[in-house]
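S.K.: My structure is below; once you've seen it, I'll send some questions.
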Amino acid sequence: MTSIGGAASSGMIDWNLAVATATRFVRPGPEVSRDEARAVVAELRKHAKASEEHVRGFTRLGEAGTHDTPVLVVDRPGWVRANVAGFRELLKPLLDKMQERRGSSPGGAVLGAVGGKVTGVEVGMLLSFMSSRVLGQYETFAPASRDLPGGEEGGGRLLLVAPNIVHVERELEVDPHDFRLWVCLHEETHRTQFTAVPWLRDHLQGEIQSFLGETEMDPMTVLERIREAAQSLAGGRPEGERDEDGGRSLVELVQTPAQREILGRLTAVMSLLEGHADFVMDGVGPSVVPSVAEIREKFQQRRAKGASRLDLALRRLLGLDAKLRQYRDGERFVRAVVEEVGMDGFNRVWTSPNTLPTKAEIAAPGDWIARVHRTPES
């Protein structure tokens, strides 16, 4: 197995062990023949290419042919490896800070080595769970590697998880060709957002790093939250036992007052990005995806109810229920603004960080319009 970052494996999280654990426990994908698998991969690549023109035409963002980010059709272990690389990059400042704090305590080095392996296993368990649920992802922060190429300007790649797409299209009993294009339209919108708006990646990364930099929680407490999530996944929590924290998510548990402000801004921008992708998918869909109405209805029902009680519990712990609200609230914001000021008027949202909506404006689109579109006289 290729090493993920060499010496970093001996730190707070053994990333190599996380990859090995996730790969070992990842659920098998749907049964497909070798020829069918090749056909799915080829079709997803074709749809990803076609989606670029559809999305750019509808959103009026960027110019065709300007992408420098690759499209990678991956299996579940491939998704795990890509996300471990991204997590390592994004979490490095926080983990270095936690490692330094632990290293200054008696026996810290020994505890760190042991704890890193334990946490590596637990992170791997969480990734194995997540790897069967993600259909596609525009990976913004991960560094490029030989196995996982990225954009020339410092990261960025579009991942399409083929076995998950096939699994969901079969589960929903929808037209597979339409569903594959529909998924590509959503993910291509995210790629267009980041490639057409050059400052967006650095802004988002800066906000996340600021959030993590404010974390003052004891390292063992943070790791314990990861452990709780892994135990829930493995069925280790007795039936009916309630969390003492009331079921709050991992994100909510590490907040300081400064983090709450940053998290509000992050929530707003993520709501914008996800809602915009849903809006574009619905806007483009009717002209290129014949069964889009059926797909949308069935997918919304699946998204809302989750697969099981365990799935719902983990979504809450990991903060994924908040992501579902982001799709809904963000889409309403985008739709309301476009109806009021048109697509070009909406696209003023991408002018600078100052024109991004606040969390309050996501819920009140008229306030964003009044702030961004006000005339000098007003």
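The values are calculated or read from the model by the stated rules, or taken from the named source; none is laboratory data. Just so it is clear, the structure is predicted and the values come from calculations on it, not from any experiment. Virtual Cβ from ideal backbone geometry, glycine too; neighbours counted across all protein chains shown.
S.K.: Within the range 184-206, restricting attention to residues that are of a type outside the set (D, E, K, R) and closer than 24 Å to residue 302 by Cβ, which residue is surrounded by the most Cβ atoms within 10 Å (Cβ to Cβ)?
M.R.: Here the residue is 184.
The rows are residues; the columns are (1) within 14 Å of the chain's Cα centre (by Cα); (2) closer than 23 Å to residue 290 by Cβ; (3) touching a residue at least 24 places away in the same chain (Cβ under 8 Å).
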{"residue": "142", "(1), (2), (3)": "yes, no, yes"}
{"residue": "150", "(1), (2), (3)": "no, no, yes"}
{"residue": "161", "(1), (2), (3)": "yes, no, yes"}
{"residue": "165", "(1), (2), (3)": "no, yes, yes"}
{"residue": "169", "(1), (2), (3)": "no, yes, no"}
{"residue": "174", "(1), (2), (3)": "no, yes, yes"}
{"residue": "181", "(1), (2), (3)": "no, yes, yes"}
{"residue": "189", "(1), (2), (3)": "yes, yes, yes"}
{"residue": "196", "(1), (2), (3)": "no, no, yes"}
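S.K.: Ok, one more. Tally up the residues in the range 46-74 that are surrounded by fewer than 17 Cβ atoms within 10 Å (Cβ to Cβ), modelled with pLDDT under 95 and under 25 Å from residue 171 (Cβ atoms), please.
M.R.: Adding up the residues that qualify gives 1.
S.K.: Continuing with the same structure: Exactly one condition in (1) outside any loop (DSSP other than H, G, I, E, B); (2) modelled with pLDDT under 85; (3) over 24 Å from residue 133 (Cβ atoms); (4) of a type in the set (Gly, Ala, Ser) is not met by residue 378; state its number.
M.R.: Of everything listed in (1) outside any loop (DSSP other than H, G, I, E, B); (2) modelled with pLDDT under 85; (3) over 24 Å from residue 133 (Cβ atoms); (4) of a type in the set (Gly, Ala, Ser), residue 378 misses just condition (1).
S.K.: Just to verify a result, which residue in the range 253-267, among those that are in contact with a Ser or Thr (Cβ under 9 Å, 6 or more places away or on another chain) and surrounded by 19 or more Cβ atoms within 10 Å (Cβ to Cβ), is modelled with the lowest pLDDT?
M.R.: Selected residue: 254.
S.K.: Now for a separate question. Collect the residues in the range 349-367 that are surrounded by 14 or more Cβ atoms within 10 Å (Cβ to Cβ) and over 20 Å from residue 207 (Cβ atoms), keeping them in residue-number order.
M.R.: Result: 364, 365, 367.
S.K.: To continue, here is another question. Going by the conditions given, is residue 181 at pLDDT 80 or above and buried (at least 19 other Cβ atoms within 10 Å of the Cβ)?
M.R.: Taking the combined requirement at face value, the residue satisfies it.
S.K.: Report every pair of residues separated by at least 6 positions or lying on different chains whose Cβ atoms are under 7 Å apart, first residue within the range 279-292 and touching a residue at least 12 places away in the same chain (Cβ under 8 Å), second polar (S, T, N, Q).
M.R.: 280/59; 280/189; 281/189
S.K.: Among the candidates 41, 32, which residue alone is assigned to a helix (DSSP H, G or I) and either within 30 Å of residue 287 (Cα to Cα) or at pLDDT below 95 (or both)? So that I can check it myself, show each step before the final result.
M.R.: Values: 32 fails: assigned to a helix (DSSP H, G or I).
Answer to the selection: 41.
S.K.: Can you name the number of the only condition in (1) within 15 Å of residue 193 (Cα to Cα); (2) modelled with pLDDT under 95; (3) surrounded by 21 or more Cβ atoms within 10 Å (Cβ to Cβ) that residue 82 fails?
M.R.: Tallying (1) within 15 Å of residue 193 (Cα to Cα); (2) modelled with pLDDT under 95; (3) surrounded by 21 or more Cβ atoms within 10 Å (Cβ to Cβ), residue 82 fails exactly one: (1).
S.K.: Considering only residues that are outside any helix (DSSP H, G or I) and more than 25 Å from residue 62 (Cβ to Cβ), look in the range 359-375 and name the one that is modelled with the lowest pLDDT.
M.R.: 375
S.K.: For the range 116-130, does any single residue satisfy the condition of being at pLDDT 85 or above, surrounded by fewer than 19 Cβ atoms within 10 Å (Cβ to Cβ), within 28 Å of residue 302 (Cβ to Cβ) and of a type in the set (Ser, Thr, Tyr)?
M.R.: Checked against the condition, which is being at pLDDT 85 or above, surrounded by fewer than 19 Cβ atoms within 10 Å (Cβ to Cβ), within 28 Å of residue 302 (Cβ to Cβ) and of a type in the set (Ser, Thr, Tyr), the range 116-130 yields no hits at all.
Yes/no matrix, rows are residues, columns are (1) outside any loop (DSSP other than H, G, I, E, B); (2) at pLDDT 85 or above; (3) surrounded by fewer than 20 Cβ atoms within 10 Å (Cβ to Cβ):
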| residue | (1), (2), (3) |
| --- | --- |
| 208 | yes, no, yes |
| 215 | no, no, yes |
| 251 | yes, no, yes |
| 271 | yes, yes, no |
| 275 | yes, yes, no |
| 280 | yes, yes, no |
| 285 | yes, yes, no |
| 298 | yes, yes, yes |
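S.K.: Quick one: how many residues across the range 134-170 are charged (D, E, K, R), modelled with pLDDT of 85 or more and either assigned to a loop (DSSP other than H, G, I, E, B) or out of contact with any strand residue (DSSP E or B) (no Cβ under 9 Å at 6 or more places or on another chain) (or both)?
M.R.: Qualifying residue count, the range 134-170: 2.
S.K.: For residue 345, all conditions in the list (1) surrounded by fewer than 17 Cβ atoms within 10 Å (Cβ to Cβ); (2) modelled with pLDDT under 95; (3) in a helix (DSSP H, G or I); (4) among the small types (Gly, Ala, Ser) hold save one; what is the number of the exception?
M.R.: (2)
S.K.: Which of the residues spanning the range 171-206 are touching a helix residue (DSSP H, G or I) at 6+ places or on another chain (Cβ under 6 Å) and not in a helix (DSSP H, G or I)?
M.R.: Across the range 171-206, the qualifying residues are 174, 197.
S.K.: Would you please list the contacts, defined by Cβ atoms under 9 Å and residues six or more apart or on different chains, that run from a residue in the range 339-363 that is closer than 19 Å to residue 328 by Cα to a residue that is surrounded by fewer than 18 Cβ atoms within 10 Å (Cβ to Cβ) and hydroxyl-bearing (Ser, Thr, Tyr)?
M.R.: What qualifies is 349/355.
S.K.: Looking only at residues in the range 3-26 that are part of a loop (DSSP other than H, G, I, E, B) and buried (at least 19 other Cβ atoms within 10 Å of the Cβ), which one is modelled with the lowest pLDDT?
M.R.: Among residues in the range 3-26 that are part of a loop (DSSP other than H, G, I, E, B) and buried (at least 19 other Cβ atoms within 10 Å of the Cβ), the one modelled with the lowest pLDDT is 4.
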